[in-house]
Every structure is written in C-alpha cells, then in structure tokens.
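Notes follow once the structure below has been shown.
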Amino acid sequence: MNFRVSDERIAEHNRPRLPALEEDYGHLGDRLARRRVDIEALTRAAMDFRVELPSWALNAGGTRFARFTAPGEPRTLVEKMEDCAAIHALVRVTDAISIHIPWDRPDSPAELKAFTQACGLRINSTNSNTFQDHAGQVHSYKFGSLTHTDAAVRQQAVDHNVECLALGAELGARAHTVWIGDGGNYPGQVHARRALDRYLESARHIYSALPGECRLFLEHKLYEPAFYSTVISDWGTSYVCAQALGDRAFSLVDLGHHAPNVNVEQIVARLIQLGKLGGLHFNDSKYGDDDLDAGSIKPFQLFLIFNELVDASKDGSVRALDPAYMLDQSHAVTDPIESLVMSSIELVRAYVQAHLVDRDALARHQENNDALMALQALKEAFTCDVSPILAMARSRAGGAIEPVAAFRDIGYREAKTGERRGQTRQTARAL
Ligand code: LRH
Ligand code: MN
C-alpha cells in the first residue's frame, strides 16, 4: 500500500493545536456575536465549500524558458490521484478533480473511476486539448483547431471533444471545458468574423454530443498562445457563443485570462445576471496568465469575486446556476501540493469573508450613494481574520488545523520521492 496522509496522523498532528484553536475560535465567536453574526453558520458554510483540483497542476509547472522537476512528482494518473487524496485529507474541500485529455487519458476508464472513488474523490469535469499536437494525430493545430480554415482539422478537433465527452460520461463527469488558443500573431492573419463563424459551427457539433446532464463551459482568454488576435478573447464573445449554443452552454471565467486591471468581479456579476456563469478557474496573476496561487497577488479581488457570488446566492440567482469552482494554477517554485492546499484555503477564506458582509447596510449605503460607507462595509468583512473558522471547519471535517505543517511533518513528499524514485513511468501503476 503506497504511503498516504492518514486520518490518524492528522488527528495526532491536530491534538496539541486544538486548545489554542478553540480559544481563538471562542474569541472570534464573541466578537462576531456582537455583530449578530453566528460563527457556527460560517463554519458550516466553510465545511460545505468545494473546489475542484486540476490534475495538471500536481506536477512542477514551467514556462517556455524552463521547467525544473520536483522530487517525488506524480508520473501517472494513479499518482496524481494519490496526491489529490492527500490534499483533500488535509483541507477537506477538494474531493473533486478536473482532468485534461489526452494528458490524463486512462487505459481503463472503469478502473480509473473505481480508483478515484477508492481515494474518496470523484472526477467532476474534463478539459479538451486542441492547443498541442498529439502522437498519432493526422492534422496539426499550428494554425488553429475548432476555427481552422481547413474543415478536416476542425473535424479532428470536434472529434477529440466528442471523445472527451464520451470518456467524461463513463467517469461521471458533469461538465466539459473547451479552451482553444486559436488566433493570429499578425494583423490580417485571421479573418475575425469568419473565424467566429467557424468556431460556432464546430461548437454546435460538440454541443449536440453533450451526454446526459453534462454542461459545456466555454473558456475565454485575451491572448497567448496567439499574440495579436484570439478568437474567444473575452467574456462577451464567450457569452454570445454560449447563448447561441443553448441552455447547457455556459461561460467559464479564468481569473488570469484578462488584461491587467480588468474588473473581473464585474464580469462575474454580469455572467450571473445573464444566467451564463458556468464556472471559474481560480488563480492569481501580476501581469499575464501567470497561473500563480489564488489569493497570492490580489486577495481583495478574490474577495470581491466571492462577494458577487455570495450576494447573488442570497437573492437566489446563483443557486440555479451552481457555478463550478476549480483551481487552475502552475507551480514552478513551490511544492504543487502545498500550493494547492494554501490556494484552496484562500478560496474558503474569501467565501467566508463574503458571508460577513452586512448586505442590508451595504444596500442602504448604495441607495444613499454613501461611497465611503459602502466600501467600509466590504472592507470590514475583508479585514476580519477568519482563520479560526477555517481551521475549525477543517478540524471538524477530519482535516488538519495547520495543513502545510502537517504535510511536512508527516513527510508525504519524502515518502513519495522514495516510492516514485525506484519505479520508472513504465513500472509505476498506470490506469
Ligand atoms: C489556458 C488554461 C486552460 C487549460 C490550460 C491548462 O490558459 O487556463 O484552462 O486548459 O490552462
Ligand atoms: Mn484555465
């Protein structure tokens, strides 16, 4: 049996930390009670929160300049699932996985599903990949995929997505995300209107192959790999396409896919209001699509995004949408597990803080155009240290009070380095 983060090791790690947590939790509870806020309701909300882990972020990430490997990296889907199980054991809010095809194409979908369930996890969504050429592929995606000028290339890309949908159905996935890098590097290279027509023609074929309840998420991105024009470059284009496709097509907002300083929280509010917010890829960025850890650069923006989601959940317009929360990051200089642990915690933090906003007071200040007090109503929630609530929620769910310390003290990475050293990718258990 491979090494894993056991409940017993976590309980042992929590024991000496519990008294201090209970004290801090009690103090915070008293302070919140003075604001007529029930700390237990917030802790339940933190325990119910869920975010999907990206299978492709368990390996050390890189850039076009270099990728520096990390000791004990997963080399197979089994090992990626083991690492996801370790993360969920520590934080208890990440029991769903998002997989990428063909990177994660299993030899046996049934075995993968069984192994995933044995790890206490489930595969919630699939992602297609027509931004790279894969072994045995007939046509190249160098000049595009779903919008390529050659119908045969478009058909190949459609077939790949249809294959992902069929695999997703076998695995119990509830959504499929389509992000394409199609676009041009120079003015004149791509006819803007015809390219969008080709996208819609291809997307209609994918939409018509959607199995069961599966939802289709369209992910926009301003630029990269195309550096002059990108066919699905912004939320407006994504929304128009989702609208044109049908009720089960939605827009997916990747936080890093916008120009610097774009008001992403307003885009989230718009897509909620238009009934087309399907999901979010959480990460953070300073300049471009940097895929840094969520909440690491712009924690206030992360809070403002959850403020829109929680505000809309209060008036029922989000419940119907049930947007999928996913992390989509790349870890070049940190341990991928530690980064995904911390990022999931930062999402729960922003979510709980958004529940602390006094929405009646905020609405009053907005009606009275009292800009300063409206901002204060948000800042009061954002500056409240809810760490005791987050730790208590994890602890009550069997997770770690201090997840990164537990991860390091338990020695998971060292154990995996040992386990994964001896075996080559060929001998490591694949699925
Ligand atoms: C594109 C993207 C997309 C994934 C890829 C790994 O930048 O955000 O969501 O397919 O990263
Ligand atoms: Mn993404």
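A few notes on this one:
- Rounded to whole Hz, the Karplus (6.51, -1.76, 1.60) HN-Hα couplings of the stretch 215-222, x for glycine and proline: 9, 9, 9, 9, 9, 8, 7, 5
- 3J(HN,Hα) along the stretch 12-22: 4, 6, 6, 3, x, 9, 5, x, 5, 4, 4 Hz, from the Karplus curve 6.51 cos²θ - 1.76 cosθ + 1.60 with θ = phi - 60°, whole Hz, x for Gly and Pro.
- Placed amide H near His331: partners under 5 Å, 5+ positions off or other chain: Gly61
- Counting only DSSP beta bridges whose two residues both lie in the stretch 239-380, roughly 10 percent are antiparallel.
- DSSP bridge orientation in the chain - percent antiparallel, rounded to nearest 5: 10 percent
- Estimated from helical segments only, the mean residue ellipticity of the chain at 222 nm is -15000 deg cm²/dmol, where each DSSP H run of four or more residues counts as -39500 (n - 2.57).
- Taking amide H positions as modeled 1.01 Å from N, with prolines and chain starts lacking one, the residues under 5 Å from Asp254 and 5 or more places away or on another chain are His220, His281.
- Residue-normalised accessible area of the stretch 162-213, expressed per residue, 1.4 Å probe, Å²: 50 Å²
- Per-residue Karplus couplings for the stretch 63-77, computed as 6.51 cos²θ - 1.76 cosθ + 1.60 with θ equal to phi - 60°, are listed in order as 10, 5, 8, 5, 10, 9, 5, 10, x, x, 5, x, 10, 9, 4 Hz, Gly and Pro entered as x.
- Selected from Asn59, Asn261, Asn127 as most flexible by GNM, with the chain as the system and alpha-carbon contacts under 10 Å: Asn261
- For the stretch 162-213 and the stretch 35-70, distance of Cα centres in Å: 27 Å
The values are calculated or read from the model by the stated rules, or taken from the named source; none is laboratory data. These figures come from a predicted structure and were not determined experimentally. For the accessible areas, the whole protein counts, side chains as well, though only heavy atoms, and no ligand, DNA or RNA atoms are used. Shrake-Rupley method; radii C 1.70, N 1.55, O 1.52, S 1.80 Å.
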